[in-house]
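Taking it in order: structure first as structure tokens, then the write-up.
The values are calculated or read from the model by the stated rules, or taken from the named source; none is laboratory data. Not measured: the values here are computed from a predicted model. A quick note on method: Cβ atoms are made from the backbone with ideal geometry, for glycine too, and the neighbour counts reach across all protein chains shown. Just so you know, the surface numbers come from the protein's heavy atoms only, side chains and all, with ligands and any DNA or RNA stripped out. Shrake-Rupley method; radii C 1.70, N 1.55, O 1.52, S 1.80 Å.
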Amino acid sequence: MRIGITGHRGLTAKTETQVRQLLEDALPKRESANLTVVSCIADGPDSWLAEIALKRGGRLEVIVPADEYRDGLPEWHHPVYDRLFDSAAAVHRTGHVESDEPAHLAGGELLVHHVDKLLAVWDGLPARGQGGTADVVALARRHGVLVEVIWPEGARR
């Protein structure tokens, strides 16, 4: 199975703990060798799911929305990003250079085209910028990709 991940970044510590557990529960417990997670490996749910999949013996494929994407992520996340990137079985690039909203939307489109199912750590609200979680969910639904929304009850961004 090929599972993609999209989700809100900058969650509270309490919400992070809850989401991490929900992501653990969302991945199959068996046959991890047949599991591929596709992710942009940003800080937050993108990297958390990638780490869970790798620990279970699954594969990771990375989507790079833009050549400058890593530079736009928090500096504290760079070591995690680099480690996950180096663990990737495949890397898919959009061809964008600047890490802007069109690149993020292109990254979401590329992700959706590489998965059978999308896990969305999403509060159900509209995207704050083009290419945000809500946009990726809408793309997946338009393309007939199964979407599983993960959001702890009562959580807020």
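Among the aspartates and glutamates, which fall within straight-line cross-link reach of Lys55, defined as a Cα-Cα distance under 15 Å, with same-chain neighbours fewer than 8 residues apart omitted? Within the straight-line cut-off, Lys55 pairs with Glu24, Asp25, Glu31, Asp46, Asp86. Under the criterion of Cα pairs below 8 Å and six or more residues apart, the relative contact order for the chain equals 27 percent.
Our estimate of slack between Arg157 and Gln21, defined as 0.36 nm per intervening residue step minus the Cα-Cα distance, is 47.2 nm. Rolling a 1.4 Å probe over the protein heavy atoms gives the stretch 1-74 an accessible area of 43 Å² per residue. Using a probe radius of 1.4 angstrom, the carbon and sulfur fraction of the accessible surface of the stretch 1-87 is 49%. Note on the stretch 113-157: the alpha carbon radius of gyration divided by the globular reference 2.2 N^0.38 Å gives 1.15. Per-residue 3J(HN,Hα) values for the stretch 84-101, derived from phi via the Karplus relation 6.51 cos²θ - 1.76 cosθ + 1.60 with θ = phi - 60°, read 5, 4, 5, 8, 5, 7, 7, 10, 10, 10, 7, x, 6, 9, 6, 8, 10, 4 Hz in sequence order (x marks Gly and Pro). Applying D = kT/(6 pi eta Rh) to the stretch 63-138, where Rh is the Kirkwood radius over alpha-carbon pairs, T corresponds to 37 °C and eta to 0.692 mPa s, the Stokes-Einstein value obtained is 249 µm²/s. The Rg/Rh ratio of the stretch 1-156, with Rg taken over Cα atoms and Rh as the Kirkwood radius over Cα pairs, comes to 0.92. Label zone (Glu98, point 7 Å along Cα-to-C-beta; backbone nitrogen cut-off 18 Å) within the stretch 54-88: 65-73. The stretch 95-109 and the stretch 1-29 have Cα centres lying 23 Å from one another.
Its Cα centre serving as origin, the chain has a Cβ charge dipole (Lys and Arg +1, Asp and Glu -1) of approximately 600 debye.
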